[in-house]
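Take a look at the structure below.
The values are calculated or read from the model by the stated rules, or taken from the named source; none is laboratory data. Just so it is clear, the model here is predicted, and its values are computed rather than measured. Here Cβ is always computed from backbone atoms with ideal geometry, including for glycine, and neighbour counts include all displayed protein chains.
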């Protein structure tokens, strides 16, 4: 088995690895767009409340549960749930902790490839497409194959696939090197480099002044105002969509509920601090999101395009259509454009690396595979998923469908399970005591009722809102329900074949994982039976 | 940029930056306890009368 004795080599290493997992494209592209859209004053109130009662408590719960199960020799989500829920079915609950990161990896690595591609395009001068945002939109659509299925596999349009091959290989090379020599080593350099690059780009953006004297309104100050000036705060706070957006952003930004943090924490010893480490990783993520992402993206876009250029742009629109135009208008576009997209790449790869570790851990401890076999097995599985996502690229339908059902719905389910398991399964007092072994700071006592009652209820409330708005399509103004496109694509009068195929792929992966977990369970039982009075823990740790 | 905008930006950015720096300081400044080996003279057996 097990016998996996990997441990983090330094405390800073694990903090940077967890922070690297959390800091992603959403910090620089999604957060600023949401804050500007909902009015920063009200949004930030909801955002910080969500951080306090949702993000940080779940984060501590995940670190605690992970370290607790890690001491018993388990590092994968099914193993961790097997250790936590003493029931034959317990390990199957952990399937979410494998499914989520593996499926997200299948499309996330493709987005990562776009970032490298754009950094290279800026360096080579291929992104000087003039002053029309439509030209950048067309470029992006052709590059990612959004106009036609299979486009990126055809000769002459396959640059995205080439970049994908590059980043896919890099990810697996690093994961093959292991926890310390791969993930920790890379994050120790990548995270400080990311912050440094972001600070350089930030200084560049904040010193742009008013680049076009004929448009005095489009200044950095007004750009910051567009991002941060509050509207009618109290009226906005009554909008349930705002709470959904703010808590969703906290939730996804901190990577809680992915099954990654519990795996990372399982490589800690009981003497290692998890309270301050968890808070540090969260604070690094928040710094990158609010202090860097919040001051770069929207003000930069505003300065060159005004408010009209930002409104209605989604994450991809802002990142791959608007910002390339913005950087192309700055002095030394090749430098700052390449820097910005390289920092997005660093943010993405530190996240994608973390997505592979839970499955690798499972293959090693559940099936007894060695590192080489695990990497080959997972490489094949994720490559099949990647080819599926890249081939069915029209309107990014496969990517979007997988992101919605696994990258959003399943994460809500997993996070709810984890916080309930901590507060009610393990028991608050026991969990509290467990969290404080080796702790360098105490969790304030007012977090006790938050973790036991407020966080689960708040999370379930947010999940209910999410289902109401984004699945059932509830319109609060009329009270009517109109199922959203995600549902109509599957069971509507004009279903999408690609969406249905994506669901079939996800279902196959789930069934496949469940079979593997069943096999792993038998193996764990066998080990326990063979060792007589020795506990499974001792055998595993041997 | 209105005054309220400056306040919200300052509070938001200031809060996360302060928390990040504080955490970083605590993590980097922490020195793990070193096990001290006591010499024979350090051991007080409580059975010796004071002079």
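Within segment A:144-189, work out how many residues are in contact with a helix residue (DSSP H, G or I) (Cβ under 7 Å, 6 or more places away or on another chain) and without any contact (Cβ under 8 Å) to a residue 40 or more places away in the chain.
2
Give A:347, A:281, A:265 a once-over and let me know the one that is crowded, with 24+ Cβ neighbours inside 10 Å, within 23 Å of residue A:411 (Cα to Cα), within 14 Å of chain B (Cβ to nearest Cβ) and modelled with pLDDT of 95 or more.
A:281
Can you tell me which residue among A:211, A:299 is within 13 Å of chain B (Cβ to nearest Cβ), in contact with a helix residue (DSSP H, G or I) (Cβ under 8 Å, 6 or more places away or on another chain) and more than 24 Å from residue A:462 (Cβ to Cβ)?
Criteria check complete, one pass: A:299.
So if I check each of A:302, A:287, A:327, A:258, which one is at pLDDT 95 or above and either out of contact with any strand residue (DSSP E or B) (no Cβ under 6 Å at 6 or more places or on another chain) or surrounded by fewer than 24 Cβ atoms within 10 Å (Cβ to Cβ) (or both)?
Criteria check complete, one pass: A:287.
Six or more apart or on different chains, Cβ under 6 Å: which pairs go from a residue in segment B:1-19 that's more than 7 Å from chain A (Cβ to nearest Cβ) to one that's at pLDDT below 95? Could you list them?
none
Matching residues to (1) part of a helix (DSSP H, G or I); (2) without any contact (Cβ under 8 Å) to a residue 24 or more places away in the chain; (3) closer than 20 Å to residue A:162 by Cβ:
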| site | (1), (2), (3) |
| --- | --- |
| A:378 | yes, no, no |
| A:381 | yes, no, no |
| A:389 | yes, no, yes |
| A:399 | yes, no, yes |
| A:412 | yes, no, no |
| A:423 | yes, no, no |
| A:429 | yes, yes, no |
| A:434 | yes, no, no |
